[in-house]
Every structure is written in C-alpha cells, then in structure tokens.
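The structure appears right after this line, and notes come after that.
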Amino acid sequence: MDFVILSLVMLAVGIYGLLTNRQLLKVFISVELIATAATLNFVILASAAGVGLGEAFLILAFSTDTAISGVILALLVIVAKKYGTSDISKIVQLIQDKDESEVEA
Amino acid sequence: MILEDVSSWLVWILPLIASLFVPLIAKYSAKARNYFAVAISVITAGLALSLVPGVFFGSGEATSTSVAWITGISAGVFIDPLSVLFTTLVAFFGLIIAIYSLGYMKGEEGLTRYYFLLLLFIGSMIGLVISDNLIQMFIFWEMVGLCSYALISFWYKRPESVRAGTKVFIMTRIGDIALLAAIGILFTMFGTFSFHGIINGIQTAATAGTLDTGLLVIAAFLVLGGAIAKSAQLPLFTWLYSAMEAPTSVSALLHAATMVKAGIYLLARFILIFSVAPVLIAALQPLWFPVVTWIGVLTAIIGATLALTTTDIKGVLAYSTISQIGFMMAGLGTAVEGAASIGWFASLFHMISHAFFEGLGFLLAGGIIHAIGTRDMRLMGGLKKTMPISFILMAIMIITTSGLPPFAAFFSKGLIITSVTDAGNLIQIILLYATTAITFAYSVRMFSLVFMGKESEHLKKQHVHEAPKVMLIPAMILAGLCIVWGLAEPLVASFMHVSLETSLLGAFTNLETPIFLSLLIPTGLIAYYSYYKNYQGVRNIAAGKNPLTTILSHGYFFDDVYGGIARGISNVSDGVRRFEGMISLFPQKFASTIIHLANEVHVYLDVYADKSLDKLINVLANKTLTGVSKMKKAPSTSLRNYIAAAVLGFILIAILIILTIGV
Amino acid sequence: MVEILDISLPIISLIISALLTIPVFKIVRKSSHKTALTLGWFIVVFIIAGATVANLALTYYSIANPGLLNLTLNGGASSIISSSFLVDAISIYMAIIIVAISAVVVIYTVFFVNSNERPSDRYFAIMLMLTAALLGAVLSGDLLTFFIFWEAATAAAAFLMMYRKNAFSLNATLKYLVMVIIASAFVLFGLSIVYGITGTLNFIALRDALTTIAVSDKSLLILAFVFIAAGYAIEAAIVPFHFWLPDAYTAAPAPSSAFLSALVDQGSYYILIRILLYIVIPKGPNATLDWTFMLAILAALTMIAGNIFALIQNDVKRLIAYICVADVGYNLIAITSYTSLGLIGNLYFFLIGGITTALAFMVVGIINKHGFKTLEDFSGIGKKLPLASLALVIAGLSFIGVPPLGGFMAKYLVFTSALQANLSWLAVIGVLTSVLQAAYLFRLIHYMYARKSKDATVIKESKRILIPIFILAAALLVLGLFPQLVLNLLEPATRQLQLITPLP
C-alpha cells in the first residue's frame, strides 16, 4: 500500500503544479504527473487483485497519453519555429499579444 | 561459465548505463568524455569477445537466463550462435566508429549528445540481438529507431537533416507497427513472449497437430514487414538514401552493424524459430519464402541500378547497402530448412563481409568529405595523388564489393548465389548475376569519378590533404578484414554450428565463378572507359535517349505510372463533371424562390422590428452588462484562468455531491 | 447475431479510407476536375461507411428483442488484454448520426477548403479518422475502450483546429489540448480508483458491481466519481469548465467548428449518458450515488452563463460557440430529470443540436470568407448573400425553439421531462434563458435584414457550397414536423433502460 500513498502524493503535486505554474511546459509536466499517478494506481491495484487488465491498461494508457503529449509537443515545435524562440512563457506571451491585436483589429 | 553469464548481461547494460555518464563527464573535460566513450566501447567489445569461446566450443544450443520484470514478462539474455555473432559484430563496429569519431567529429558542436547517443545506440542494438523475449526485443528495436533518428538529425540546425531524420523515423514506424502486430499474434497463440516459450509452444502444438499455421503465416508476413522497413527493402527503401544527411561516422555504423542489420537479425531469428516445426515450414514454403527471395532479388537490382546514377558519394554507398541487403534477403528466402540451409548461413556470412566493406567505404568517404567539403562526385576527381592511402583502401573496398576473388564478398556472395541457384528460379538467378555485374559497374564508376582523371576546378581551389591517422587506422583494420575474411569461412561455419558442403577451394572451381568473371570484366571495362577514359562512344549511350537511361532517369517510372492512372481517371471525371453541372443548376432555381421569400421577411422586419428591438438589446447588452463585458476579455486570454476555473469546478462538483449524499 | 466484425467494419472502413485519401488526392491534384473527383471519392467513402453502419443496425434489429449486447474479444490467452464493445439502440443511433452528419460536413468542406492547398488531403484524412474514432467511442463497451478512442478523437480534433496555423488558432489549440490532457488525467485517475474498488471497467459488470458496493468503499467511489465527472465535464464544456470551447471553435476553420460542435460535443454527452444513466444509478432500489442535484446546478449554471456570454458577443462565430455551451445546459436538464422522456429528449436534442450548430457554423464560415465577422459587418448580409442568410435564419430559429423547426420539439421534450421529474425550477430557468436566446438571435437577424450595409459591393454567392447547407436545413424542418421518424428509432432504448432500472 506504500505505493498508493506515493500515487496520492504524485496526484497532489500534480494538482498543485496545475494551479501554481504559469509556464505551459510545467503545466504539461504536472498533468503528466497526474496521469502517471493514475497508471501507477492501476498497476498496484491490478497486482493486488492478481489480474492482468491493469498492466494491459498501463500499456494502452501510456500509448494514448504519449500520443496526445506528442501532439502538444509538435504544436510547441510549430510555435517555436513560427515565433523563433523555444521559451514557452515567451511564446504564449507573444501569441497573446498578437491575439489581442488581431481581435482588436 | 560465470564469466559468460556476467558478460552476457554487462555487454548491453554497460553501454546503456555508461551513456548516462557521458554528460556528467563532459562537464569536467571534453577530452575525458571522448576517451570515456572509446574506453566503454573497448570494454564492450571485450565483453562481446568473451562470449565467443563458449559458443564456439559449445553445442550450438541456445541458452538463456532471465529475471522477472513485470508479471508475465521477464528480462533476459539469449545466447546462441546467431545472437553472439551479431553482438560481436556490433561491439566491434562500435569500437571502430568510436575511434574514428575522435578524428571525424573533431571540433563539432554538440559532441556530448553525439557520444551519449552513440553509446545508447550500441547498447540498444546489442540489447536487441541478445534479448530472450519479444517485448524486450521490441523495446530495444524502438530504441534503435529512436537513436538513429536522433543521430541522423544530429546537425539539427540544417533543415535537410531534420527532415531526413523524421522521414526515417516515420518510415521505420510502419514496420514497427507490423512487428508489434506479429508480437500480438504470437502472444495470443502461445501466451508468452519468450523465444523458448514460443519454440516450445510451436513444437507442442505441432506434435499435437493443433498448430494454427494460417495465423502463423500472417505473423510471419508481419515480421517480414518489420524487417523490410528496418532493413530498407522494397518498397520502403527510400529512407536509407535520405539518411545520408547523418554524420558519416553514424552512416557507417548504421549501415555496417546497427539499424539496417536489425531486420536481417529479425528474419534470421524467426526462421530459426519457425524451422522447429516441419508442418509450419511447409505452410510457409509456398508463399512466404518466395516473397522474401523476390523482395531481396528485386531490391538488389533496383538498388544497384540506382547506385549507377546518383552523383552523391554517400548515395552510391547507400544504394549499395540497399542492394547488398537485398542479397541477404534473397539468401534468407531460400533458408527453408532453418540453420541447416546454406542460404541462412550465406546471408549471415555476407552480412558480416558487407559490414566490413561498406563500413570501409563509409570511413573513406567520410575522410574524403572531410577533406574537400562536398559529397558531389562531379566536383571530385584525381584524388589519387593527394590521398594515396585512401586510394589504395578504396581500391580494396571496390574489389571486395564487386565480389572479385579472393576477397571476402567473393565467398559470401558466391554462397548466396549458390543457395539461390539451388532453389532453382531462373529469373532470380539471372537477376542476381546481373546485379553483381552492375555492382562492379557502379563501384568502378565511383572509383573513377573520385580518384581518377584530372583534378576538378573545385579541388584546385583548395588544399586537399590525406585523412588523419585516427581516421585511417580504423579503415585499415577494416580493409585488412576485407582481404582475409573470406578465408575465415570454415571457422565461422563451425562457430555457427552449420556444416558446409563446399570447401574454400570449391568456391573457385564451381560453375558460378566463370560466369561471374565473364560478366564482371566487360562491365568493369565499360564503366572504366566511360568515366575514366572519357570514351565518347559509351558516353553517348549514357547521355543519349535510349531505353536504359530513360528508365533510370525516370526512377523506374513510378511517377509515370501514377500519371497514367490519373489520366484515366480524368477521362472518367468528364462524365462526372456533366453531372456536376446538373446539380449546380438546381440551387439556382431553388434560389430564386427563396430570395423572394427572404425579401418578404426583410420587409416585415424593416417595418416592425427595427428600432424597438435593437434599442432593447443594446441597452441590455452594452449598458447593463458592461461589467460582464470586461470579463469577456480576461478569460479569453489566460490559460491559467481556465485551469483555475476547472479546478474550482472540480471542487464545486465535490461539494455538491457531498451536500446531496453526505460522506 | 451481431459479430465483432459487424462492429469493427464501420471503424475499419473509415480508417482505411482515411489512409487512402492522401494517395487519392495525389491523383486528384493532377486532374483538371478536382472538386468533382474529391466529391466522388468522399461519396464513395461515405456510401461504404453508411452501408457498414446500416449492416450493423439491421443485424441488431433483426434480433427478436434486442437488448444490450456486450461483445468481448474473448478466448484463450488474449482475454486478459481484451476489451469490449457494446451495441444497443443508443449506440446504433449515435453511430448513424455520426456518419450522416460527418458526410454532410465533409461534403461542405470539399467546397470550402481549396483542395489544391497542400495540407488539405491531411485535413480530410483527419476528418475521416476522427469519425472513425468517434464511432469506436460510441460503440465501445467499457470505460477503457471508450477512453482510448476518445483520446484518439481529441488528438484528431486538435489537428482540425490548428489547420490554419495562425497565432489565433495555435493559441486556442494549445489551450484546448492542455484542458483535454488535464481532463484525461482526471478521468484516468478516477478510472484507476473505480478499477481498484470493483476490478472491472465494463459498463454492465461495473453497474452490477456498484449496486453491491461495500459501505467502506463509498467515499472512495465519491472521489472517483468526482474525478471522472470533472474530467468529462471539461470535455463536454460544462460551465465552469467551458472556457476552451469558444476560443477553440472561433479560431478553428468553419468546417472544423461545424464538425467539432456537431460530433465531438455529442460524443462527450454520450459518455455522460452512459455513465450517469447506465452505471451510477442515482435513485430507486439499486441507487449507487445521487448526482441529480449536482447536475441540476451545473445545468442551470451552464444555461445561464452560456446565454449571457452569447448575448455580449460581438463576433458572430463566437456567439454561435457560446450557443454550443448553452446547448450543453439544455442537454444536462434531460439527463438530470432521469426519466425515459428525458432520455428520448436528450437523444433527440443531440441530433437537432448537432445539426443546428453545424449548420450555423457552416453558414457563418461562408459569410466570414467574404470578410464579415462582427455584428456590424453582418448588416445587410440578407441582401448580399440571401441564400446563406436564409440558412442562418433557419438555424437561429431552431436554436430559439420556434415551431415547426426541430429545435422546438427538442426543447419541448427536455422541458417536459424536467417537469415530470419535479424539477420545475430548472425548466423555468430553461425557458427564461431561451427567451434570452431569442433576444440575441433576433438581434442578429435584425442586423442581417433590417440594417443597411456600409458598402454596396455585390457578392456573387457560390451555389454549390449551399447544397450541404440546405440538406441540413431541410433536415431540421423535416425532423421538426415528423419527430416520430427519430423517436421510433429511440423507443427500444427506453425499453432497455427500463430493464436495468425502472424509471418513472
């Protein structure tokens, strides 16, 4: 059961990170923490129950998670290319500035 | 035995772990980092060598040790002649490339990343060939793909490199999916991922007569799909040419020992697994084996002909690899008796000779590119004087590549041709002979363009120098191996625990050799004359409009076939267009009625609704809700507010639920 | 008997057509009849997909008394990594809606997007992939399978949103994706707890397990429920989780907005129905967890906030996006009522809401193409683009709920179900917010017809693009006049629900 505590701690850290971080990449990492906590939960509970579904879920959830993360990172790369910087906070700021000017115009 | 147990694990774990230390060591000294990588490669090579005696003097049976990893899946090593052969080759080449990189990559940016990936690459490839189960193998299979992606786009500031890396990654992914599907099928059938388990499963089911050969044939085709993508075979061979954007040292490693050889390993391994049940082999024989051979033969000839036309020195070598791996596939396609077939051994033997001569080719090409700064062969020429050592080594390389006696490829290629001849498909035999002839032609062409003739304008402008010693010594070692490797054939055969019917001398006296030489000498002469002596007659054939040049310059008419299909469809579409005209008339008639109706609505609104309604809404929206209007800007800009709102909503849901039912 | 093949055929056929779209476009670009050829290709694709869905529906209804069919890829060693599909009247209904609306939107896109443009082939391929993923989601039989298909759908949706790759859409897509991964992390965590308590994720097995759940596990179940509900509330854009939706739909190109509002939104309501009505039973002898009050509050919030935000919008596309949010609220009323009438009303609302928002986005897309974006820009549009404006008026009237359009019937069913369930206060809020809706939509209509336009430029209206639009408009009218067409299809669904849990 020690691992359940670990997964709860990871969840708490993840939610704290969601609330306190401005930078997109850190938000992203926090979300990954929550997802990892969930997968950890699955594995623990499955091994406690002695069925394989948990592990199957682990593999599938990892792959789907990774797919979405891949999309996000790809998006960040497009943004980085377009705006010439890889600093996330700056990019978001840049887009927002441009956004507002577009909306106003 | 204990030594072997330890070293069979260390040989892949050590480079993987050591790769993590590269960035740490780099913090202290760049020099220490480079020598650390070399030292690790030396140790890895030593560990790999220490596995050899056990297999050489052993019974040839596979042994494996494993530890539990997660439920149902273990991590382990699988020691048999095949895996040790590959391990030794990879470790040896890792060492060669690590030393070569000291010279070739000198002064490049991002070397920490380079050495990190290099060690990871070596470790993953060894892990791939030594794994005792499919999941572990698949993980390393992916890691090999990932490392090659990262190494090919090593110069990430050049868009071509990044594009090439991505192309490689995506094209090999196609094969990865096929392989994963095959693993899924095998697991479904036998409930285990381990090689031993699958072999036992096949044997038990075969003796009980319950073996589902249909499903296994599908699995075999999926495995073939994985191998095709990884080993750059038809129709997924184009990535290997793009991979030329990598640093040359990486190309050498990629071609000689890792990545493209993974597909050969996979097929060789699965042929071994499948061959335990004769009933399964019987099911594979009508379709699967012929398909493997045909893919091999066709790739061999297409690769070789494309090598004739490219002007990129590394491109020639890339197409040469594609062609040579086609040979190996052709050999594997004849291995219907598993390890007992001559084709199986021939492919693996050729795989090693190819590693030596292709590796040598790349090391030399790297030196040349290093010296003159271009890959375009048209800008080279007359390097014989300025780079004499490279000249001699390259001569050895092209002689070996072409399969001239008595160098390595003469024996290995001869064995493959023998095995295909035994299989007895006349077209395949003719195509393979034609390929050997073309191989000689493109080798001579490359040699003439680069080393013979006069110095080009490009070269006169710069001071060309011989490659540094640290780059030449690895090349010399490989050249030496090219020369003597063929004589090691009996030794390798006994290492692989296979018996060959032919002796070394037999290779000279059998029927193939005269055909071989009678084909090679004229093509070699033609190539030599056309590119070195500028013999106008041959030049005219090559430059003029004749069937051969047309086919090659059109890239085998792939595009033209597409165009033909498109024209056919556009004829059909004329009919469709008339139909389209008919449907576009309908809305017009519909429209005139509707416009009339809309005007009525307009008049109504104009009279009754104009002032009163607009005023009401404007008052409501703009005056009363100015506070809310301000709000509408804030949430539309900040992601952080969204997240805060979501967490608030989460708490709201929790409170509401608890209010309803209590805890 | 329904086989696993019957279920997977529609999904597989769409995936294969998606993969084939790119080579097909290579050929199409070389010919001189691009539009006709693309149109032909997609008609073939959707005829095949429609045939496979029809095959599924016919096979299912040929069973004497069709109930919930749970299909598992069972047998041998694979069973531990198997997942399952579920066929019942609801999922078949959803599958038909998805394929039909997707077909119309794709045909609209053929006219809207320049097929000469480089990435347009990928855009179409992703649309087909998204349709396939949604089909998989509505046909899946456990939370795991649903989760996976749903993730695939959201990834595809993100690509549809950022098609233009300008700062505006990149920003919106980033926000959408971040919200979606937060949602999926929440759901995943909730699922892990549910799995821990019950040892299963299959819809039917899970419901049975939850009715006999131990008291000590109850608080864990509440925690899991809150996580899952919050996760899917983000996906379904329930206030206060809705902020991503207006941004995303405004920034996306018109076909994407139409597609997402009509289909992806419906998918997320669908899972709410599955979880709330079929698994976590709120009332009666088998009650697990009473969520009705929570959902009623959220429904009220969503209707009020959605409509008020819509009222103050100046950008017409954004206004429509906020109507989408408000529509979620009306749907939630139906779920909250927990009656069979509510279920029918909800499913009917799916269809009508989907058609109406798709129609509105498609028309606004055409008008935006001519450079008219804000309410002021829309002045006099009624004269410049008479046909498109007419379609927008039909959509607007359907939103408000004017008979005889489909929206009237949908709202009528939903509000009646609320009254049946003694939730009259919710029905009152619903009616009042509908009045608000009438206010801002009539203002839009007023601008379009009664105001004089600022410039006198004459615009030539493209006729072909109006075909799919008027197909949808006609559907709204027909479904409003003959709601029995759909309601008959839904009748087995309520019978099935009665079997599980007796509804009032």
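For the pair A and C, the buried accessible area comes to roughly 3500 Å² in total, with a 1.4 Å probe and the value rounded to the nearest 100. Counting only protein heavy atoms and a probe of 1.4 Å, the accessible surface of chain C is 68% carbon and sulfur. Proximity of backbone amide H atoms, modeled 1.01 Å from N, is registered between residue B:74 and B:69 at under 5 Å, excluding neighbours fewer than 5 places apart on the same chain.
Of the GluC sites (Glu not before Pro) found in the range B:68-174, those that fall in a DSSP loop while having at most 15 other beta-carbon atoms within 10 Å are B:108, B:109. At a threshold of 50 Å², the residues of the range C:141-165 that become less accessible to a 1.4 Å probe in the full protein assembly than in their chain on its own are C:144, C:148, C:151, C:165. Annotation: amide H of residue B:154 has no partner in the under-5 Å range at sequence separation 5 or more or interchain, hydrogens built in the peptide plane.
Rounded to the nearest whole Hz, the Karplus-based 3J(HN,Hα) values (6.51 cos²θ - 1.76 cosθ + 1.60, θ = phi - 60°) of the range A:65-72 follow the sequence 3, 4, 4, 5, 4, x, 4, 4, with x at glycine and proline.
Inter-chain neighbour count for A:27-33: the average number of beta-carbon atoms from partner chains within 10 Å of each residue's beta-carbon is 4.
Could you calculate the contour length gain from residue B:466 to residue B:641, that is, 0.36 nm times the residue separation minus the distance between their Cα atoms, to one decimal place in nm? Provide the component values of the computation, followed by the final result.
Working: separation 175, 0.36 × 175 = 63.00 nm, distance 6.39 nm.
Gain on extension, residue B:466 to residue B:641, equals 56.6 nm.
Rounded to whole numbers, the Karplus 3J(HN,Hα) couplings from phi for the range B:265-275 are 4, 4, 5, 4, 5, 6, 4, 4, 5, 5, 6 Hz, using 6.51 cos²θ - 1.76 cosθ + 1.60 with θ = phi - 60°, and x at Gly and Pro. Shielding value for C:247-260 is 1, the average number of Cβ atoms from other chains within 10 Å of each residue's Cβ.
Of the peptides C:267-274, B:19-26, how do they stack up when ordered by the mean number of other Cβ atoms within 10 Å, highest first? Intermediate results must be reported in sequence, preceding the final value.
On the way: C:267-274: 22.9, B:19-26: 16.6.
Output ranking for C:267-274, B:19-26: C:267-274, B:19-26.
Under the shape rule built on the C-alpha gyration tensor, where the axes satisfy a ≥ b ≥ c, the range B:120-253 is prolate, since a/c reaches at least 1.5 and a/b is greater than b/c. Remark: the residue B:30-residue B:494 segment gains 162.7 nm on full extension, using 0.36 nm per residue and subtracting the alpha carbon distance.
Using a Förster distance of 30 Å, how high is the FRET efficiency between residue C:456 and residue A:74, based on the Cβ-Cβ distance and rounded to 0.05? Working from the Cβ atoms, E equals 0.05.
Does the range B:232-327 classify as rounded, prolate or oblate by the C-alpha gyration tensor (a ≥ b ≥ c root eigenvalues; a/c under 1.5 gives rounded; else a/b over b/c gives prolate, otherwise oblate)? Don't skip to the answer; put the middle values down first.
Details: a/c = 3.83, a/b = 1.89, b/c = 2.02.
Oblate is the answer for the range B:232-327, as a/c is 1.5 or above yet b/c matches or exceeds a/b.
Give the accessible surface of the range C:203-285 per residue, rounded to a whole number of Å², with probe radius 1.4 Å and ligands, DNA and RNA excluded. Walk me through the intermediate numbers first.
On the way: 1710 Å² over 83 residues.
On a per-residue basis, 21 Å².
Computed from phi, the 3J(HN,Hα) profile of the range B:211-226 under the Karplus parametrisation 6.51, -1.76, 1.60 (θ = phi - 60°) reads 5, 8, 5, x, 5, 5, 5, 4, 4, 5, 5, 5, 4, 4, x, x Hz, with x in place of Gly and Pro.
Around the amide H of residue B:312, modelled in the peptide plane, lie the amide H atoms of B:377, all under 5 Å away and 5 or more residues distant in sequence or on another chain. Taking a ≥ b ≥ c as the square roots of the eigenvalues of the alpha carbon gyration tensor, the range B:1-73 is oblate, as a/c is not under 1.5 and a/b does not beat b/c. Model label points for residue C:4 and residue B:38, set 7 angstrom from Cα along the Cα-to-Cβ axis, are 5.7 nm apart.
Of the peptides B:244-256, B:51-63, B:166-178, B:472-484, the order by per-residue mean of other Cβ atoms within 10 Å, starting with the highest, comes out as B:244-256, B:472-484, B:166-178, B:51-63.
Just the number please: accessible area per residue for the range C:327-416, 1.4 Å probe, all protein chains included, in Å².
Numbers: 1750 Å² over 90 residues.
On a per-residue basis, 19 Å².
Taking every full run of DSSP H in chain C, the ones that stretch at least 30 Å from end to end by Cα along their long axis and average 0.0 or higher on the Kyte-Doolittle scale are C:4-30, C:34-61, C:89-112, C:167-198, C:316-337, C:340-369, C:424-450. Spin-label pair residue B:157-residue B:206: with each label point 7 Å from Cα along the Cα-Cβ axis, the two points sit 5.8 nm from one another.
Using alpha-carbon pairs under 8 Å, 6+ residues apart, how would you state the relative contact order of the range B:115-210 in percent? Provide the component values of the computation, followed by the final result.
Working: 75 pairs, mean separation 22.6, N = 96.
The normalised contact order for the range B:115-210 reaches 24 percent.
Shielding of C:222-233 by partners, i.e. mean partner chain Cβ atoms within 10 Å per residue? Walk me through the numbers on the way to the answer.
Working: counts 6, 2, 0, 3, 9, 6, 0, 6, 8, 2, 0, 5.
Whole-number average of other-chain Cβ neighbours for C:222-233 is 4.
The values are calculated or read from the model by the stated rules, or taken from the named source; none is laboratory data. Just so it is clear, the model here is predicted, and its values are computed rather than measured. All Cβ positions, glycine included, derive from the backbone under ideal geometry; neighbour counts span all protein chains shown. Quick note on the areas: whole protein, heavy atoms, side chains included, nothing else; ligands and nucleic acids left out. Shrake-Rupley method; radii C 1.70, N 1.55, O 1.52, S 1.80 Å.
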